[in-house]
1. Counting pairs of Cα atoms in segment 1-63, how many percent are more than 17 Å apart?
2. Name the residue farthest towards the positive end of the dipole of segment 229-387 from the options 325, 275, 344, assuming +1 on Cβ of Lys and Arg, -1 on Cβ of Asp and Glu, about the Cα centre.
3. Add -39500 (n - 2.57) for each DSSP H run of 4 or more in the chain, then divide by its residues: what number comes out at 222 nm, to the nearest 500 deg cm²/dmol?
4. Do you know the relative contact order of segment 18-147, to the nearest whole percent, from alpha carbon pairs under 8 angstrom that are 6+ apart?
5. In segment 429-528, what percent of the accessible surface is made up of carbon and sulfur (1.4 Å probe, ligands and nucleic acids excluded)?
6. For segment 321-395, report the translational diffusion coefficient in µm²/s to the nearest whole number, using Stokes-Einstein at 37 °C, 0.692 mPa s, and a Kirkwood Rh over Cα pairs.
7. Based on the alpha-carbon gyration tensor of segment 64-155, what equivalent-ellipsoid semi-axes (square roots of 5 times the eigenvalues) come out, in whole Å, largest first?
8. Distance from the Cα centre of segment 475-523 to that of segment 371-446, in angstrom?
Amino acid sequence: MQQFDIIVVGGGSAGSAAAARLAEDGKRRVCLVEAGGKNEHIFTRTPGLIAMMPDKSNWAYDTEPMDALNGRVGYQPRGRGMGGSSATNGMVYIRGNPWDYDNWADLGCTGWAWKDVLPVFKRQENSRHGAGEHHGVGGPLHVNKQIEPCHVGEAFVAAAEQLQIPRNDDFNGARQEGMGIYDVTQNNGERWSSARAFIDPIKDQPNLEIKTDALVERIVVDNGRATGVVIKRGRKQETLHASGGVVLSAGAFGSPQILMLSGIGPSEELLRHGIDVILDKPAVGADLQDHCDYLTGYELDDPSLFGGSLKVALRVAKAFVEHRLHRTGMLTTNYAESGGFVTLRPDAPAPDIQFHFIRAIIQNHGRDKLKESGFSLHVCVLRPESRGWVKLNSANPADAPAINPNFLSDPRDMELMIDAAQLMNRIAETPPLSDLGAKDRNPIDYNDRAAVEARIREVADTIYHPVGTCRMGPNADDVVDPTLAFRGIDNLWVADASIMPRLVSGNTNAPSIMIGERCGDFVKAALG
Ligand SMILES: Cc1cc2nc3c(=O)[nH]c(=O)nc-3n(C[C@H](O)[C@H](O)[C@H](O)COP(=O)(O)OP(=O)(O)OC[C@H]3O[C@@H](n4cnc5c(N)ncnc54)[C@H](O)[C@@H]3O)c2cc1C
(Lines give C-alpha, C1' and ligand atoms only; values in the text may rest on other atoms or scores of the structure.)
Protein backbone atom coordinates (compact mmCIF):
# COMPACT_ATOMS: atom_id res chain seq x y z
CA MET A 1 0.00 0.00 0.00
CA GLN A 2 1.39 3.35 -1.00
CA GLN A 3 0.15 6.79 -0.09
CA PHE A 4 0.18 9.92 -2.28
CA ASP A 5 -1.65 13.21 -2.46
CA ILE A 6 -2.64 12.78 -6.08
CA ILE A 7 -2.34 10.04 -8.68
CA VAL A 8 -2.22 10.81 -12.41
CA VAL A 9 -3.16 7.87 -14.63
CA GLY A 10 -1.31 7.90 -17.98
CA GLY A 11 1.97 9.63 -18.84
CA GLY A 12 0.85 10.78 -22.29
CA SER A 13 0.43 14.22 -23.85
CA ALA A 14 -2.00 15.45 -21.21
CA GLY A 15 -0.94 13.30 -18.26
CA SER A 16 2.71 14.41 -18.43
CA ALA A 17 1.68 18.07 -18.44
CA ALA A 18 -0.86 17.55 -15.63
CA ALA A 19 1.59 15.65 -13.41
CA ALA A 20 4.32 18.24 -13.96
CA ARG A 21 2.00 21.09 -13.06
CA LEU A 22 0.96 19.29 -9.89
CA ALA A 23 4.48 18.30 -8.85
CA GLU A 24 6.61 21.27 -9.91
CA ASP A 25 6.15 23.38 -6.74
CA GLY A 26 7.11 20.40 -4.57
CA LYS A 27 4.05 20.79 -2.36
CA ARG A 28 2.26 17.50 -3.16
CA ARG A 29 3.28 13.86 -3.41
CA VAL A 30 2.37 13.02 -6.99
CA CYS A 31 2.37 9.55 -8.49
CA LEU A 32 2.30 9.21 -12.28
CA VAL A 33 1.27 5.73 -13.41
CA GLU A 34 1.95 4.67 -16.99
CA ALA A 35 1.12 1.30 -18.56
CA GLY A 36 4.05 1.40 -20.98
CA GLY A 37 7.79 1.90 -20.57
CA LYS A 38 10.10 4.89 -20.24
CA ASN A 39 10.30 5.41 -24.02
CA GLU A 40 13.81 6.81 -23.92
CA HIS A 41 15.13 4.82 -26.90
CA ILE A 42 16.34 6.27 -30.20
CA PHE A 43 13.21 5.18 -32.03
CA THR A 44 11.21 7.73 -30.05
CA ARG A 45 13.87 10.38 -30.13
CA THR A 46 14.86 10.14 -33.81
CA PRO A 47 11.86 11.51 -35.68
CA GLY A 48 12.36 9.52 -38.90
CA LEU A 49 12.64 6.17 -37.11
CA ILE A 50 8.99 6.21 -36.10
CA ALA A 51 8.26 3.23 -38.36
CA MET A 52 10.71 1.18 -36.29
CA MET A 53 9.07 1.90 -32.92
CA PRO A 54 8.86 -1.30 -30.88
CA ASP A 55 5.39 -2.92 -30.90
CA LYS A 56 5.12 -2.52 -27.14
CA SER A 57 4.99 1.28 -27.60
CA ASN A 58 1.67 1.02 -29.44
CA TRP A 59 -1.71 -0.15 -28.15
CA ALA A 60 -2.55 -0.91 -31.82
CA TYR A 61 -6.32 -1.21 -31.48
CA ASP A 62 -8.57 -2.67 -34.13
CA THR A 63 -12.00 -1.10 -34.38
CA GLU A 64 -15.38 -2.71 -34.82
CA PRO A 65 -16.44 -3.13 -38.47
CA MET A 66 -17.70 0.23 -39.73
CA ASP A 67 -20.94 0.24 -41.76
CA ALA A 68 -20.13 3.23 -43.96
CA LEU A 69 -16.68 1.82 -44.76
CA ASN A 70 -18.00 -1.39 -46.33
CA GLY A 71 -17.85 -3.15 -42.97
CA ARG A 72 -14.08 -2.68 -42.77
CA VAL A 73 -12.24 -2.96 -39.45
CA GLY A 74 -10.26 0.24 -38.85
CA TYR A 75 -6.96 0.65 -37.05
CA GLN A 76 -6.30 2.95 -34.10
CA PRO A 77 -2.65 3.19 -33.09
CA ARG A 78 -2.06 4.86 -29.68
CA GLY A 79 1.21 5.55 -27.96
CA ARG A 80 2.00 3.40 -24.93
CA GLY A 81 4.80 4.55 -22.65
CA MET A 82 5.99 7.90 -21.34
CA GLY A 83 4.84 10.64 -23.69
CA GLY A 84 1.91 8.49 -24.82
CA SER A 85 0.87 9.32 -28.35
CA SER A 86 3.19 12.37 -28.39
CA ALA A 87 6.05 9.84 -28.38
CA THR A 88 4.76 8.13 -31.53
CA ASN A 89 2.90 10.86 -33.40
CA GLY A 90 3.61 13.00 -36.46
CA MET A 91 4.85 15.95 -34.33
CA VAL A 92 2.71 18.47 -36.25
CA TYR A 93 2.05 21.39 -33.89
CA ILE A 94 -1.45 22.78 -34.39
CA ARG A 95 -3.72 24.26 -31.73
CA GLY A 96 -6.94 24.21 -33.72
CA ASN A 97 -8.95 27.26 -34.72
CA PRO A 98 -9.87 30.01 -32.22
CA TRP A 99 -13.51 29.39 -33.21
CA ASP A 100 -13.28 25.83 -31.80
CA TYR A 101 -12.66 27.10 -28.29
CA ASP A 102 -15.16 29.94 -28.52
CA ASN A 103 -17.65 27.28 -29.57
CA TRP A 104 -16.79 25.16 -26.51
CA ALA A 105 -17.53 28.21 -24.38
CA ASP A 106 -20.81 28.77 -26.26
CA LEU A 107 -21.73 25.15 -25.52
CA GLY A 108 -21.46 25.99 -21.82
CA CYS A 109 -17.80 25.22 -21.13
CA THR A 110 -17.14 28.45 -19.30
CA GLY A 111 -13.46 29.36 -19.18
CA TRP A 112 -12.52 27.57 -22.41
CA ALA A 113 -12.90 30.40 -24.93
CA TRP A 114 -9.89 31.22 -27.11
CA LYS A 115 -8.97 34.15 -24.83
CA ASP A 116 -8.80 31.67 -21.94
CA VAL A 117 -6.71 28.96 -23.61
CA LEU A 118 -4.33 31.13 -25.67
CA PRO A 119 -2.25 32.18 -22.63
CA VAL A 120 -1.77 28.50 -21.74
CA PHE A 121 -0.63 27.60 -25.27
CA LYS A 122 1.76 30.55 -25.16
CA ARG A 123 3.27 29.80 -21.77
CA GLN A 124 3.87 26.15 -22.76
CA GLU A 125 5.68 27.05 -25.94
CA ASN A 126 9.24 27.77 -26.89
CA SER A 127 8.31 28.91 -30.36
CA ARG A 128 10.55 29.63 -33.32
CA HIS A 129 8.21 32.55 -34.06
CA GLY A 130 9.40 34.40 -30.96
CA ALA A 131 7.25 36.01 -28.28
CA GLY A 132 4.26 37.98 -29.46
CA GLU A 133 0.50 38.10 -29.77
CA HIS A 134 0.26 34.48 -30.85
CA HIS A 135 3.37 32.78 -29.50
CA GLY A 136 5.50 32.31 -26.44
CA VAL A 137 9.15 31.59 -25.74
CA GLY A 138 10.87 29.95 -22.81
CA GLY A 139 8.21 27.28 -22.25
CA PRO A 140 9.12 23.60 -22.04
CA LEU A 141 7.51 22.58 -25.36
CA HIS A 142 9.84 23.30 -28.25
CA VAL A 143 8.04 24.19 -31.47
CA ASN A 144 10.32 24.55 -34.43
CA LYS A 145 10.64 24.72 -38.17
CA GLN A 146 11.45 21.40 -39.79
CA ILE A 147 15.19 21.06 -40.34
CA GLU A 148 15.09 19.46 -43.77
CA PRO A 149 11.63 19.20 -45.35
CA CYS A 150 11.70 17.68 -48.82
CA HIS A 151 11.11 19.52 -52.07
CA VAL A 152 8.13 17.32 -52.99
CA GLY A 153 6.14 18.49 -49.97
CA GLU A 154 7.04 22.04 -50.95
CA ALA A 155 5.78 21.33 -54.50
CA PHE A 156 2.43 20.28 -52.96
CA VAL A 157 2.17 23.71 -51.28
CA ALA A 158 3.24 25.51 -54.45
CA ALA A 159 0.64 23.60 -56.52
CA ALA A 160 -2.08 24.60 -54.06
CA GLU A 161 -0.95 28.20 -54.43
CA GLN A 162 -1.57 27.93 -58.16
CA LEU A 163 -5.18 27.11 -57.24
CA GLN A 164 -5.45 30.32 -55.17
CA ILE A 165 -5.00 28.56 -51.84
CA PRO A 166 -2.72 31.02 -50.04
CA ARG A 167 0.59 30.08 -48.50
CA ASN A 168 0.68 30.15 -44.71
CA ASP A 169 3.90 30.24 -42.69
CA ASP A 170 2.17 30.00 -39.31
CA PHE A 171 -1.06 28.03 -38.89
CA ASN A 172 -1.13 29.05 -35.22
CA GLY A 173 -0.78 32.72 -36.01
CA ALA A 174 -3.18 35.36 -37.25
CA ARG A 175 -4.89 33.04 -39.75
CA GLN A 176 -5.26 29.26 -39.96
CA GLU A 177 -6.36 29.05 -43.59
CA GLY A 178 -3.82 28.19 -46.29
CA MET A 179 -1.05 25.73 -47.08
CA GLY A 180 2.51 25.48 -45.87
CA ILE A 181 5.18 23.49 -44.09
CA TYR A 182 4.05 22.42 -40.61
CA ASP A 183 5.85 23.47 -37.44
CA VAL A 184 6.90 20.48 -35.35
CA THR A 185 7.42 19.57 -31.70
CA GLN A 186 11.14 18.99 -32.11
CA ASN A 187 14.27 20.37 -30.50
CA ASN A 188 17.69 20.12 -32.05
CA GLY A 189 16.45 17.53 -34.56
CA GLU A 190 14.87 15.28 -31.92
CA ARG A 191 11.25 14.55 -31.09
CA TRP A 192 10.00 16.62 -28.18
CA SER A 193 7.31 14.48 -26.59
CA SER A 194 5.21 15.75 -23.74
CA ALA A 195 7.21 13.57 -21.33
CA ARG A 196 10.44 15.06 -22.54
CA ALA A 197 9.09 18.58 -22.27
CA PHE A 198 7.30 18.37 -18.93
CA ILE A 199 8.49 15.32 -16.96
CA ASP A 200 12.20 15.04 -17.79
CA PRO A 201 13.11 18.37 -16.14
CA ILE A 202 11.48 17.37 -12.82
CA LYS A 203 11.68 13.60 -12.82
CA ASP A 204 14.22 13.48 -9.97
CA GLN A 205 12.14 15.61 -7.62
CA PRO A 206 11.47 13.59 -4.44
CA ASN A 207 7.76 14.44 -4.46
CA LEU A 208 7.22 12.85 -7.89
CA GLU A 209 7.08 9.10 -8.26
CA ILE A 210 6.82 7.67 -11.77
CA LYS A 211 5.64 4.10 -12.09
CA THR A 212 6.08 2.73 -15.61
CA ASP A 213 4.98 -0.68 -16.88
CA ALA A 214 2.04 -0.38 -14.49
CA LEU A 215 -1.42 -0.98 -15.91
CA VAL A 216 -4.19 0.82 -14.05
CA GLU A 217 -7.00 -1.69 -13.74
CA ARG A 218 -9.53 0.46 -11.96
CA ILE A 219 -10.13 3.51 -9.83
CA VAL A 220 -10.94 2.87 -6.17
CA VAL A 221 -14.13 4.70 -5.15
CA ASP A 222 -15.14 4.94 -1.48
CA ASN A 223 -18.47 6.56 -0.64
CA GLY A 224 -18.62 8.44 -3.93
CA ARG A 225 -15.03 9.66 -3.72
CA ALA A 226 -11.96 8.53 -5.72
CA THR A 227 -9.29 7.44 -3.24
CA GLY A 228 -6.79 5.56 -5.34
CA VAL A 229 -6.18 3.07 -8.13
CA VAL A 230 -5.53 -0.63 -8.48
CA ILE A 231 -2.52 -1.31 -10.68
CA LYS A 232 -0.93 -4.41 -12.13
CA ARG A 233 2.83 -4.60 -12.59
CA GLY A 234 3.89 -7.90 -14.06
CA ARG A 235 1.74 -10.37 -12.16
CA LYS A 236 1.55 -8.28 -9.02
CA GLN A 237 -1.55 -6.29 -8.16
CA GLU A 238 -1.16 -3.27 -5.87
CA THR A 239 -3.42 -0.54 -4.53
CA LEU A 240 -2.14 3.02 -4.54
CA HIS A 241 -3.90 5.52 -2.28
CA ALA A 242 -4.29 9.25 -2.86
CA SER A 243 -5.79 11.53 -0.26
CA GLY A 244 -6.53 14.23 -2.84
CA GLY A 245 -7.86 11.97 -5.59
CA VAL A 246 -7.13 10.80 -9.10
CA VAL A 247 -6.56 12.51 -12.46
CA LEU A 248 -7.44 10.23 -15.34
CA SER A 249 -5.32 10.91 -18.44
CA ALA A 250 -5.39 7.56 -20.22
CA GLY A 251 -6.57 9.00 -23.54
CA ALA A 252 -9.79 8.87 -25.56
CA PHE A 253 -9.90 5.06 -25.41
CA GLY A 254 -8.12 4.34 -22.12
CA SER A 255 -10.02 6.81 -19.92
CA PRO A 256 -13.56 5.57 -20.71
CA GLN A 257 -12.32 1.98 -20.49
CA ILE A 258 -10.87 2.50 -16.98
CA LEU A 259 -14.04 4.30 -15.86
CA MET A 260 -16.21 1.44 -17.08
CA LEU A 261 -13.94 -1.15 -15.44
CA SER A 262 -14.39 0.87 -12.23
CA GLY A 263 -18.19 0.62 -12.41
CA ILE A 264 -18.69 4.12 -13.84
CA GLY A 265 -20.43 4.30 -17.21
CA PRO A 266 -23.57 3.15 -19.02
CA SER A 267 -25.11 0.66 -16.56
CA GLU A 268 -26.36 -1.69 -19.29
CA GLU A 269 -22.85 -2.02 -20.68
CA LEU A 270 -21.35 -2.61 -17.22
CA LEU A 271 -23.92 -5.22 -16.24
CA ARG A 272 -23.40 -7.02 -19.56
CA HIS A 273 -19.82 -7.66 -18.39
CA GLY A 274 -20.71 -8.48 -14.78
CA ILE A 275 -19.30 -5.20 -13.39
CA ASP A 276 -21.04 -3.71 -10.32
CA VAL A 277 -22.46 -0.31 -11.14
CA ILE A 278 -21.18 2.53 -8.95
CA LEU A 279 -22.56 5.30 -11.16
CA ASP A 280 -24.76 5.05 -14.23
CA LYS A 281 -23.17 7.53 -16.65
CA PRO A 282 -24.27 6.97 -20.26
CA ALA A 283 -21.94 9.70 -21.63
CA VAL A 284 -18.83 7.67 -20.70
CA GLY A 285 -17.62 6.23 -23.99
CA ALA A 286 -20.28 8.04 -26.05
CA ASP A 287 -19.66 10.86 -28.55
CA LEU A 288 -16.43 9.51 -30.04
CA GLN A 289 -15.32 11.93 -32.76
CA ASP A 290 -12.30 11.49 -34.96
CA HIS A 291 -10.80 12.86 -38.15
CA CYS A 292 -11.68 10.51 -40.98
CA ASP A 293 -9.00 10.64 -43.62
CA TYR A 294 -8.93 9.89 -47.35
CA LEU A 295 -5.54 9.19 -48.88
CA THR A 296 -3.83 8.39 -52.16
CA GLY A 297 -0.34 7.03 -52.67
CA TYR A 298 1.95 8.25 -55.45
CA GLU A 299 5.05 6.41 -56.65
CA LEU A 300 8.05 8.63 -57.34
CA ASP A 301 11.68 7.64 -57.53
CA ASP A 302 13.21 10.69 -55.83
CA PRO A 303 16.18 10.63 -53.43
CA SER A 304 14.33 12.73 -50.87
CA LEU A 305 11.51 10.21 -50.45
CA PHE A 306 11.23 7.06 -48.35
CA GLY A 307 10.41 3.53 -49.48
CA GLY A 308 11.33 -0.08 -48.84
CA SER A 309 14.05 -0.61 -51.46
CA LEU A 310 17.68 -1.44 -50.77
CA LYS A 311 18.65 1.92 -52.28
CA VAL A 312 16.55 3.76 -49.70
CA ALA A 313 17.80 1.51 -46.88
CA LEU A 314 21.38 2.53 -47.68
CA ARG A 315 20.36 6.18 -47.75
CA VAL A 316 18.65 5.80 -44.37
CA ALA A 317 21.71 4.08 -42.90
CA LYS A 318 23.82 7.06 -43.96
CA ALA A 319 21.22 9.46 -42.65
CA PHE A 320 21.24 7.60 -39.33
CA VAL A 321 24.94 8.32 -38.90
CA GLU A 322 24.36 11.96 -39.84
CA HIS A 323 21.57 12.20 -37.31
CA ARG A 324 23.64 10.65 -34.52
CA LEU A 325 26.51 13.05 -35.25
CA HIS A 326 24.72 16.29 -36.07
CA ARG A 327 20.95 15.83 -35.48
CA THR A 328 20.35 16.88 -39.09
CA GLY A 329 19.42 15.11 -42.33
CA MET A 330 16.45 13.21 -43.67
CA LEU A 331 15.83 11.36 -40.38
CA THR A 332 14.69 14.62 -38.83
CA THR A 333 11.55 14.19 -40.92
CA ASN A 334 8.18 14.03 -39.22
CA TYR A 335 6.86 12.53 -42.50
CA ALA A 336 3.69 14.70 -42.32
CA GLU A 337 5.73 17.62 -43.57
CA SER A 338 3.31 19.93 -45.32
CA GLY A 339 -0.39 20.54 -45.74
CA GLY A 340 -2.89 23.02 -44.52
CA PHE A 341 -6.45 24.18 -44.07
CA VAL A 342 -9.17 25.05 -46.57
CA THR A 343 -12.80 26.12 -46.19
CA LEU A 344 -15.05 24.35 -48.67
CA ARG A 345 -18.51 25.14 -47.27
CA PRO A 346 -19.49 28.82 -47.59
CA ASP A 347 -21.24 28.76 -44.21
CA ALA A 348 -18.37 27.07 -42.33
CA PRO A 349 -17.18 29.13 -39.33
CA ALA A 350 -13.57 27.95 -39.84
CA PRO A 351 -11.62 25.79 -42.30
CA ASP A 352 -13.46 22.49 -42.67
CA ILE A 353 -10.81 20.26 -44.25
CA GLN A 354 -7.11 19.65 -43.61
CA PHE A 355 -4.41 18.26 -45.91
CA HIS A 356 -1.29 16.31 -45.01
CA PHE A 357 1.55 15.50 -47.40
CA ILE A 358 3.47 12.43 -46.18
CA ARG A 359 7.03 11.76 -47.30
CA ALA A 360 6.40 8.03 -48.00
CA ILE A 361 3.57 5.98 -49.46
CA ILE A 362 1.29 5.15 -46.58
CA GLN A 363 -0.86 2.11 -47.15
CA ASN A 364 -2.80 0.42 -44.36
CA HIS A 365 -1.32 2.94 -41.87
CA GLY A 366 2.22 2.06 -42.94
CA ARG A 367 1.69 -1.58 -41.96
CA ASP A 368 1.98 -2.72 -45.61
CA LYS A 369 5.72 -2.56 -46.21
CA LEU A 370 6.08 -1.28 -49.78
CA LYS A 371 9.17 -1.43 -51.92
CA GLU A 372 8.27 1.66 -53.94
CA SER A 373 9.39 5.13 -52.96
CA GLY A 374 6.86 7.90 -53.10
CA PHE A 375 4.52 10.07 -51.09
CA SER A 376 0.91 10.14 -50.05
CA LEU A 377 -1.62 12.88 -49.94
CA HIS A 378 -4.24 12.92 -47.21
CA VAL A 379 -7.32 14.98 -46.56
CA CYS A 380 -9.67 14.85 -43.59
CA VAL A 381 -13.00 16.31 -42.53
CA LEU A 382 -12.26 18.61 -39.60
CA ARG A 383 -15.56 18.88 -37.72
CA PRO A 384 -17.40 15.64 -38.41
CA GLU A 385 -21.09 15.13 -37.68
CA SER A 386 -20.62 11.36 -37.30
CA ARG A 387 -20.39 10.01 -33.74
CA GLY A 388 -18.97 6.71 -32.57
CA TRP A 389 -18.44 5.03 -29.22
CA VAL A 390 -16.09 3.15 -26.91
CA LYS A 391 -17.42 0.17 -24.95
CA LEU A 392 -15.91 -2.89 -23.31
CA ASN A 393 -14.99 -6.17 -24.92
CA SER A 394 -14.75 -7.77 -21.49
CA ALA A 395 -14.24 -6.99 -17.81
CA ASN A 396 -10.57 -7.92 -18.14
CA PRO A 397 -8.40 -4.76 -17.95
CA ALA A 398 -5.79 -6.43 -20.15
CA ASP A 399 -8.27 -6.68 -23.06
CA ALA A 400 -8.63 -3.89 -25.62
CA PRO A 401 -11.76 -1.75 -25.41
CA ALA A 402 -14.38 -2.04 -28.16
CA ILE A 403 -14.07 0.99 -30.45
CA ASN A 404 -16.37 2.13 -33.23
CA PRO A 405 -15.59 5.56 -34.75
CA ASN A 406 -18.59 5.12 -37.07
CA PHE A 407 -16.77 7.11 -39.74
CA LEU A 408 -18.89 8.79 -42.43
CA SER A 409 -22.09 7.45 -40.92
CA ASP A 410 -23.51 10.97 -41.33
CA PRO A 411 -23.99 11.68 -45.07
CA ARG A 412 -22.86 15.30 -44.61
CA ASP A 413 -19.38 14.04 -43.78
CA MET A 414 -19.31 11.92 -46.93
CA GLU A 415 -20.40 14.83 -49.15
CA LEU A 416 -17.64 17.03 -47.73
CA MET A 417 -15.12 14.22 -48.05
CA ILE A 418 -15.94 13.78 -51.76
CA ASP A 419 -15.41 17.51 -52.39
CA ALA A 420 -12.18 17.36 -50.42
CA ALA A 421 -10.87 14.34 -52.36
CA GLN A 422 -11.65 16.11 -55.63
CA LEU A 423 -9.72 19.21 -54.54
CA MET A 424 -6.79 17.08 -53.41
CA ASN A 425 -6.65 15.45 -56.83
CA ARG A 426 -6.75 18.87 -58.51
CA ILE A 427 -3.72 19.92 -56.48
CA ALA A 428 -1.91 16.71 -57.47
CA GLU A 429 -2.62 17.50 -61.13
CA THR A 430 -1.29 21.06 -60.87
CA PRO A 431 2.34 22.15 -61.46
CA PRO A 432 4.87 22.10 -59.96
CA LEU A 433 3.64 18.90 -58.25
CA SER A 434 2.31 17.38 -61.48
CA ASP A 435 5.62 18.18 -63.23
CA LEU A 436 7.40 15.65 -61.00
CA GLY A 437 5.72 12.80 -62.89
CA ALA A 438 4.54 10.81 -59.88
CA LYS A 439 2.28 7.84 -60.54
CA ASP A 440 -1.06 7.66 -58.75
CA ARG A 441 -1.24 4.06 -57.47
CA ASN A 442 -5.03 3.95 -57.61
CA PRO A 443 -6.26 6.27 -60.34
CA ILE A 444 -9.99 6.92 -60.48
CA ASP A 445 -12.17 9.39 -62.37
CA TYR A 446 -12.41 12.25 -59.88
CA ASN A 447 -15.19 13.89 -61.92
CA ASP A 448 -17.39 10.92 -61.12
CA ARG A 449 -18.70 11.54 -57.58
CA ALA A 450 -19.96 7.96 -57.27
CA ALA A 451 -16.48 6.62 -58.10
CA VAL A 452 -14.88 8.96 -55.55
CA GLU A 453 -17.40 7.92 -52.91
CA ALA A 454 -16.75 4.23 -53.62
CA ARG A 455 -13.01 4.76 -53.31
CA ILE A 456 -13.43 6.68 -50.04
CA ARG A 457 -15.43 3.79 -48.59
CA GLU A 458 -12.60 1.44 -49.62
CA VAL A 459 -9.66 3.32 -48.09
CA ALA A 460 -10.72 6.01 -45.60
CA ASP A 461 -9.80 5.59 -41.93
CA THR A 462 -8.49 7.63 -39.01
CA ILE A 463 -5.76 10.26 -39.03
CA TYR A 464 -5.45 9.57 -35.30
CA HIS A 465 -7.39 12.28 -33.48
CA PRO A 466 -10.06 10.50 -31.37
CA VAL A 467 -11.76 12.70 -28.74
CA GLY A 468 -15.04 13.25 -26.94
CA THR A 469 -15.53 10.02 -24.97
CA CYS A 470 -15.59 11.80 -21.57
CA ARG A 471 -17.10 15.05 -22.78
CA MET A 472 -16.92 18.27 -20.81
CA GLY A 473 -20.11 20.27 -20.50
CA PRO A 474 -22.46 22.33 -18.33
CA ASN A 475 -25.08 19.63 -17.71
CA ALA A 476 -25.40 16.92 -15.09
CA ASP A 477 -25.21 14.21 -17.74
CA ASP A 478 -21.86 15.46 -19.10
CA VAL A 479 -18.85 13.50 -17.87
CA VAL A 480 -16.79 16.41 -16.52
CA ASP A 481 -17.55 20.03 -15.67
CA PRO A 482 -15.53 22.95 -17.04
CA THR A 483 -12.93 22.46 -14.29
CA LEU A 484 -12.53 18.87 -15.55
CA ALA A 485 -13.99 17.54 -12.30
CA PHE A 486 -16.02 14.37 -12.73
CA ARG A 487 -19.77 14.90 -12.41
CA GLY A 488 -20.96 12.39 -9.83
CA ILE A 489 -17.71 11.19 -8.23
CA ASP A 490 -15.69 13.48 -5.95
CA ASN A 491 -11.92 13.93 -6.16
CA LEU A 492 -11.80 12.57 -9.69
CA TRP A 493 -10.75 14.56 -12.76
CA VAL A 494 -10.37 13.65 -16.41
CA ALA A 495 -7.67 15.43 -18.41
CA ASP A 496 -6.92 14.27 -21.94
CA ALA A 497 -8.34 14.37 -25.46
CA SER A 498 -11.47 12.56 -24.26
CA ILE A 499 -12.89 15.69 -22.59
CA MET A 500 -13.19 17.71 -25.81
CA PRO A 501 -16.88 18.39 -26.32
CA ARG A 502 -16.22 18.91 -30.03
CA LEU A 503 -13.22 17.86 -32.06
CA VAL A 504 -10.92 20.79 -32.79
CA SER A 505 -10.16 21.86 -36.37
CA GLY A 506 -6.68 20.40 -36.50
CA ASN A 507 -4.26 17.96 -34.92
CA THR A 508 -4.90 17.17 -31.29
CA ASN A 509 -1.55 16.93 -29.49
CA ALA A 510 -1.14 20.60 -28.54
CA PRO A 511 -4.78 20.85 -27.37
CA SER A 512 -4.35 17.70 -25.23
CA ILE A 513 -1.21 19.11 -23.62
CA MET A 514 -3.04 22.37 -22.94
CA ILE A 515 -5.92 20.41 -21.34
CA GLY A 516 -3.46 18.49 -19.16
CA GLU A 517 -1.72 21.55 -17.83
CA ARG A 518 -4.99 23.35 -17.15
CA CYS A 519 -6.21 20.34 -15.19
CA GLY A 520 -3.11 20.63 -12.99
CA ASP A 521 -4.19 24.19 -12.17
CA PHE A 522 -7.81 23.15 -11.52
CA VAL A 523 -6.76 20.35 -9.16
CA LYS A 524 -4.40 22.67 -7.26
CA ALA A 525 -7.20 25.20 -6.88
CA ALA A 526 -9.63 22.51 -5.69
CA LEU A 527 -7.25 20.94 -3.17
CA GLY A 528 -5.79 24.21 -1.94
C1 LIG B 1 0.16 7.76 -35.14
C2 LIG B 1 -0.31 9.07 -34.59
C3 LIG B 1 0.05 10.26 -35.22
C4 LIG B 1 -0.39 11.47 -34.72
N5 LIG B 1 0.09 12.64 -35.25
C6 LIG B 1 -0.18 13.82 -34.64
C7 LIG B 1 0.46 15.01 -35.04
O8 LIG B 1 1.32 15.02 -35.93
N9 LIG B 1 0.14 16.16 -34.40
C10 LIG B 1 -0.79 16.20 -33.41
O11 LIG B 1 -1.08 17.28 -32.89
N12 LIG B 1 -1.42 15.08 -33.00
C13 LIG B 1 -1.10 13.89 -33.57
N14 LIG B 1 -1.66 12.74 -33.10
C15 LIG B 1 -2.67 12.84 -32.03
C16 LIG B 1 -2.09 13.20 -30.67
O17 LIG B 1 -0.81 12.63 -30.50
C18 LIG B 1 -3.07 12.76 -29.59
O19 LIG B 1 -4.32 13.39 -29.79
C20 LIG B 1 -2.59 13.11 -28.20
O21 LIG B 1 -1.32 12.57 -27.97
C22 LIG B 1 -3.59 12.58 -27.18
O23 LIG B 1 -3.14 12.86 -25.90
P24 LIG B 1 -3.79 12.14 -24.64
O25 LIG B 1 -3.10 12.65 -23.46
O26 LIG B 1 -5.27 12.26 -24.74
O27 LIG B 1 -3.50 10.58 -24.85
P28 LIG B 1 -2.11 9.82 -24.99
O29 LIG B 1 -1.00 10.75 -25.33
O30 LIG B 1 -2.38 8.69 -25.91
O31 LIG B 1 -1.82 9.31 -23.52
C32 LIG B 1 -2.53 8.31 -22.86
C33 LIG B 1 -1.54 7.59 -21.97
O34 LIG B 1 -2.25 6.78 -21.04
C35 LIG B 1 -1.61 5.52 -20.97
N36 LIG B 1 -2.61 4.55 -20.54
C37 LIG B 1 -3.72 4.15 -21.21
N38 LIG B 1 -4.39 3.22 -20.51
C39 LIG B 1 -3.70 3.06 -19.35
C40 LIG B 1 -3.88 2.23 -18.21
N41 LIG B 1 -4.93 1.39 -18.11
N42 LIG B 1 -2.97 2.29 -17.21
C43 LIG B 1 -1.91 3.14 -17.28
N44 LIG B 1 -1.68 3.94 -18.35
C45 LIG B 1 -2.57 3.89 -19.37
C46 LIG B 1 -1.10 5.28 -22.37
O47 LIG B 1 -0.11 4.29 -22.42
C48 LIG B 1 -0.61 6.66 -22.75
O49 LIG B 1 0.71 6.88 -22.36
C50 LIG B 1 -1.25 11.50 -33.58
C51 LIG B 1 -1.59 10.32 -32.94
C52 LIG B 1 -1.12 9.10 -33.42
C53 LIG B 1 -1.49 7.84 -32.69
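1. Values: 1054 of 1953 pairs.
Of all Cα-Cα distances in segment 1-63, 54 percent exceed 17 Å.
2. Of the candidates, 325 comes out farthest on the positive side.
3. So the helix-based figure for the chain works out to -7500 deg cm²/dmol.
4. Computed value for segment 18-147: 13 percent relative contact order.
5. Ligands and nucleic acids excluded, carbon and sulfur reach 46 percent.
6. Details: Rh = 15.9 Å.
Diffusion coefficient, whole number: 207 µm²/s.
7. 29, 23, 15
8. Centre-to-centre (Cα) distance: 27 Å.
The values are calculated or read from the model by the stated rules, or taken from the named source; none is laboratory data. Quantities reported herein were computed from a predicted structural model and do not represent experimental measurements. Please note: Cβ atoms are built from the backbone with ideal geometry, for glycine as well, and neighbour counts cover all protein chains shown. Side chains are part of the model used for accessible areas, which takes the heavy atoms of the whole protein and leaves out ligands, DNA and RNA. Shrake-Rupley method; radii C 1.70, N 1.55, O 1.52, S 1.80 Å.
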